[in-house]
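The values are calculated or read from the model by the stated rules, or taken from the named source; none is laboratory data. Predicted model only: the values in this text are computed from it and were never measured. Note that each Cβ is placed from the backbone with ideal geometry, even for glycine, and that neighbours are counted across all protein chains shown. Accessible surface areas use protein heavy atoms only, side chains included; no ligands, DNA or RNA. Shrake-Rupley method; radii C 1.70, N 1.55, O 1.52, S 1.80 Å.
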Amino acid sequence: MAAIRDVMSTELVSVEPGATVAEAATVMGTRKVGAALVMEGDRLVGIFTERDILRALASDFDAAGHLVSHWMTTEPTTLGPDAASGAALDMMLDRGFRHVPVVEGERVVGIVSLRDVTPRD
């Protein structure tokens, strides 16, 4: 069974908490990712996903101008790079996550998606 470090993406897409929903959506669309890490400097403060974009837009007509910090998941669940991909898959399915930041110590080293840990034929 592969470790998370073997399947995670190290190309991190991030936004600041003060970014707008529209700015984050543009960054995510340009980079073709479903989630952005919300960072204050080097510190992970949240995760903002395509589901958050939909939730924001569905609840308020001007949500595109709202701050990411109002819609992000704060203190997201994280995994270490040595976690087993099967355990990550189980956790993601149990909790309804599609993206999980990968942290080593205090430093974000990657992000893993449900697609990364789903067995392929």
Any residue in segment 100-119 that is over 20 Å from Thr10 (Cβ atoms), without any contact (Cβ under 8 Å) to a residue 40 or more places away in the chain and part of a strand (DSSP E or B)? no
Is segment 18-31 home to any residue that is under 16 Å from Gly110 (Cα atoms) and either among the acidic types (Asp, Glu) or surrounded by fewer than 18 Cβ atoms within 10 Å (Cβ to Cβ) (or both)? yes
Ala88 being within 28 Å of Arg120 (Cβ to Cβ), open to solvent by less than 30 Å² (accessible area, probe 1.4 Å) and either modelled with pLDDT of 95 or more or in a loop (DSSP other than H, G, I, E, B) (or both): no
Being more than 14 Å from Glu16 (Cα to Cα) and assigned to a loop (DSSP other than H, G, I, E, B) is the filter; apply it to segment 52-72 and report the residue that is modelled with the highest pLDDT. Asp62
Give me the residue from segment 73-84 that is outside any strand (DSSP E or B) and not polar (S, T, N, Q) and, out of that set, most open to solvent (accessible area, probe 1.4 Å). Glu75
Go through (1) within 13 Å of the chain's Cα centre (by Cα); (2) open to solvent by 50 Å² or more (accessible area, probe 1.4 Å) for Val103 and report which single condition fails. (2)
The lone condition Val33 fails out of (1) modelled with pLDDT of 95 or more; (2) outside any strand (DSSP E or B); (3) touching a strand residue (DSSP E or B) at 6+ places or on another chain (Cβ under 7 Å); (4) among the hydrophobic types (A, V, I, L, M, F, W, C) is (3)
For residues in segment 39-56 being touching a helix residue (DSSP H, G or I) at 6+ places or on another chain (Cβ under 7 Å) and among the aliphatic types (A, V, I, L, M), which is least open to solvent (accessible area, probe 1.4 Å)? Ala56
